[in-house]
Amino acid sequence: MRKKITEFIIEKIIILCGVISIVFVALIFFFLLKEGLSLFTTYPAGKFILGSHWYPVSEPPKFGIISLIAGSLWVTLGAIIISVPIGIASAIYISEIAPRKVRDILKSGIEMLAAIPSVVIGFVGITTLVPLVKNVFGLPTGLTALSGSVMLAFMAVPTIVSIAEDAFYSIPKRYKEAALALGATHWQTIWRVLIRAAFPGIVAASMLGIGRVIGETMAVMMITGNMARIPHSFFDPVRTLTATIAAEMGETVRGSDHYFALFAIGIVLFIITFLINLIADIYINKELK
Amino acid sequence: MSKIVARELNAWYDKKCAVKSLSIEINKNEILGIIGPANSGKTTFLRCLNRLNDLEPHFRIEGNVLIDGRDIYAKGADVDALRKRVGMVFALPLPLPMSIYENIVYGPRRQGISARQKLDGIVENSLKEAYLWDEVKDRLDMPAMKLSGGQQQRLCIARALAVEPEIILFDEPSSGLDPISTAKVEEAMLKLKEKYTIVLVTNHTKQAARVSDRVAFFLMGELVEIAPTARMFTNPRDPRTEGYISGKFG
Amino acid sequence: MNETLDTSTTPPAAVKETLLKQILNPRMVQKGAFFLLLLATLLVIVPVGMIVVIIVAKGAPAISWEFLSAMPSRGMRAGGIFPAIIGSIYLVGATIVFAIPVGVFSAIYLVEYAGNTLLTRMVKLAIINLAGVPSIVYGLFGLGLFVIFLGFGPSILAGALTLAIMILPIIITTSKEALDAVPKSFREASLALGASKWQTIRHVVLPNALPGILTGIILGISRAAGETAPILFTVAAFYLPRLPTSVFDQVMVLPYHLFVVSTQIPNIEQSYTYGTALVLVGMVLVTNLAAILLRSKYRKKL
């Protein structure tokens, strides 16, 4: 019957779409490797990972990414120092203390923050924060790791709040009830019982926040100054792994070593974020037990 | 020939055996009432007859179920066609989130019937057979969810009838209903038996007594006894049957 | 613990101790802690409001019909941003043409067909991975596969395919949630009437899940409209004096245009850049708000 044949085809299409995600991940990994590993036919991998000079246009070119990794790490560290405490605190406020209606408004507000595009955050950073940092700290330029960290903290907070809030939400009510029944105040309950119970979720939230920040491109590119040198303080300009790819790909010749090197950075980024997501996933599953 | 034959039927949900070595024959145009305490396998058996158990994860079945002599679990059997022939009315009324009219024509539409006049006719006939026509004939476009529980259940009966089944399975159809609605559902059942074969699972032994031609008593997945209604309730052969009917347990 | 202290007669150490006890009193600690938490939350919310206010205040003066409908001139310092708006619309439109069917069918697979197997576990893991890939890596991927390997060149096609894969997790996750929310009883009722599995999905499950699926699509649109990194090498054009005529053309798009005018063009009027930011943020926030409202309306209905 015609109906049976159409059904059969549709079901096959559904199954195909179902597994296509696996195909896409594999494709991404494959293309990164295809172009990125080509670098190592002419340039030693050790020098790539450990070299501290990124001079792609010098003769001979140097593709050491240590300074880029340092740049990414500093900016990420700064962003996390700012965003994790604030994010967890907000999550606690929203899930435990805020009245119902306020809670909904706050959650929507945070969702809107999450929706602001990275390029807009970068734009606002350039026009407001960067001059401010320059003036307040008397620096030659406001394009620093600090500025990057602050703006990236904005981008990490919604992720952290959302996951941490889920963690607090899923704590079984009886933990809270037991503590309160013993005479503890609401705050004491939060501080001693709930935070401990939600800890895996808090770790997961932080890890996902880190992942978000490390992967950020446009905002960092616009406000961290793009100097590929290992920073000595938060007031130095830095270059991140992501910004390097974005800034330089447009000018490279396809098939050149520089081109392959940028893909190699892509591999590094892919692996880093993959590991972070893996760890976060483990913690999320821990919490579900 | 019997309409439905089950031979050495065994069914498991995961490791738990719900039906053990069940053999039973159900005759054409009779109402078979199945009684028994909770977890006796009544609903499991019922859902084997329209293969609705296929939806349960880790469900396994052994043995044969024959309808008109053909094994419905045979490889390559057309399950959709089976479910058209074997209709079901569930314990809680399950109207689809549509109007009364749309609920009833849902089945026929899926079979490919689309002519408006034909569908109108199906709606009228089915609702009449379910003793619901007079109450809703002026408001067929109303959402079905707005009907009362008893009306919803009769709607579900009409909906099942709309696809012209040969067998209708009732799974504790009046469990959520008040006595008046229950009486209407039972009245419908008695009339329906003229055209259809009916298998009724019920927790109310009195209902089985009122409506069935024969009664089967299930206990812990096994068929303990099956007999014409009158004899079943006056002179049951198995002491367990007697115990259940007289309320000693259950 | 509200003793009044006669500070004139009690020794200083005792005063200090009582004061300390009052501060460390659990209720006071709680008040302090809650205040700090509120402060933290405000630290998140208030800047959001401020960002929006600044952009609106400084960008509104530039918004005019000419700004929205004219081509850029004088090296993009004047004129309008029309090609960027149109380009964004085309690009996002093409993106969802690819993302919606694949995403919704993926979700249908996960909810209606997938068993508790290793394959299913792998699919779910793959979706999580896709969600975690940095946007610039998507850019590299799009460059490698669509622009170069498949030879589409920088084009709407390459950009849309790249963005589609990027927003796939959003659409799959929200659609899956919507499909899961459809009561099992509806499916049973439909199947018991002889409808096939696909018929049940098509006529009962999907219509019921539609609001939730729509929410996911709108969220995906919002995301795709704002992304820059994935389109840097796959479609974005610095300056195109004419509108696109085919899917193989490059286009100007709003987020890239904002990046360009705020970092590459010196001596540009402030309201012009803020105006571009306003249009972009306006598009993104309005679509996001629409999704949030749709979702809360839908959740109330359940």
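Read-outs throughout are calculated quantities, based only on the coordinates presented, and are distinct from any laboratory measurement. This is a predicted model, so every value here is computed, not measured. Reconstructed Cβ throughout: ideal geometry from the backbone, glycine too, with neighbour counts over all protein chains shown.
Of note:
- Kirkwood hydrodynamic radius of the protein assembly as shown, from inverse mean 1/r over distinct Cα pairs, in Å: 31.4 Å
- Per residue of peptide A:215-223, the mean number of Cβ atoms on other chains within 10 Å of the residue Cβ is 5.
- Tensor-based shape of segment A:45-288 (alpha-carbon gyration tensor, a/c under 1.5 rounded, otherwise prolate or oblate): prolate
- C:Lys124/B:Lys20 FRET efficiency (R0 41 Å; Cβ-Cβ; nearest 0.05): 0.60
- Within chain C, helix-based [θ] at 222 nm, where runs of 4 or more DSSP H residues each add -39,500 (n - 2.57), nearest 500: -22500 deg cm²/dmol
- The mean count of C-beta atoms from other chains within 10 Å of the C-beta of residues in A:22-35, rounded to a whole number, is 6.
- Signed unit charges on C-beta, dipole axis of segment A:45-288, positive-most listed residue A:Val150, A:Ile282, A:Ala167: A:Ala167
- Normalised contact order of segment C:185-274, rounded percent, pairs of Cα under 8 Å and 6 or more residues apart: 18 percent
- Residue among B:Leu66, B:Leu32, B:Leu55 with the largest mean-square fluctuation in a Gaussian network model of chain B, springs linking Cα atoms under 10 Å: B:Leu55
- Overall form of segment C:1-155 per C-alpha gyration tensor (a/c, 1.5; a/b vs b/c): oblate
- Segment A:45-288: relative contact order in percent, alpha carbon pairs under 8 Å with at least 6 residues between: 26 percent
- Modelled FRET efficiency - R0 35 Å, A:Trp191 with A:Ser108, Cβ distances, 0.05 increments: 0.80
- Magnitude of the charge dipole, segment A:45-288, Cβ model with Lys/Arg +1 and Asp/Glu -1, debye to 20: 560 debye
- Estimated from the Cβ-Cβ distance and a Förster radius of 56 angstrom, the FRET efficiency linking B:Glu124 and B:Glu222 is about 0.80.
- For chain B, built as a Gaussian network whose Cα springs stay under 10 Å, the top-fluctuating residue of B:Thr182, B:Thr202, B:Thr234: B:Thr234
- Take every pair of alpha-carbon atoms less than 8 Å apart whose residues are at least six positions apart; their mean separation over the length of chain B yields a relative contact order of 28 percent.
- Charge sum, other residues only, whose C-beta stays under 13 Å from C:Leu285's C-beta, Lys/Arg counted +1 and Asp/Glu -1: 0
- Choice from B:Leu46, B:Leu147, B:Leu22 showing the highest fluctuation, given a GNM over chain B with Cα pairs closer than 10 Å: B:Leu147
- Inter-probe distance in nm under a simple model that places probes 7 Å from Cα toward Cβ, at C:Ile63 and C:Ser185: 4.7 nm
- Its Cα centre serving as origin, the protein assembly as shown has a Cβ charge dipole (Lys and Arg +1, Asp and Glu -1) of approximately 900 debye.
- For the peptide C:196-206, the mean number of other protein chain Cβ atoms found within 10 angstrom of a residue's Cβ is 4.
- Prolate/oblate/rounded call for chain C, Cα gyration tensor, a/c under 1.5 rounded: oblate
- Between C:Arg27 and B:Asn10, the modelled label-to-label distance comes to 7.0 nm, taking each label 7 Å out from Cα in the direction of the beta carbon.
- Helix-only arithmetic for chain B: the sum of -39500 (n - 2.57) across DSSP H runs with n ≥ 4, divided by the residue total, places the mean residue ellipticity at 222 nm at -10500 deg cm²/dmol.
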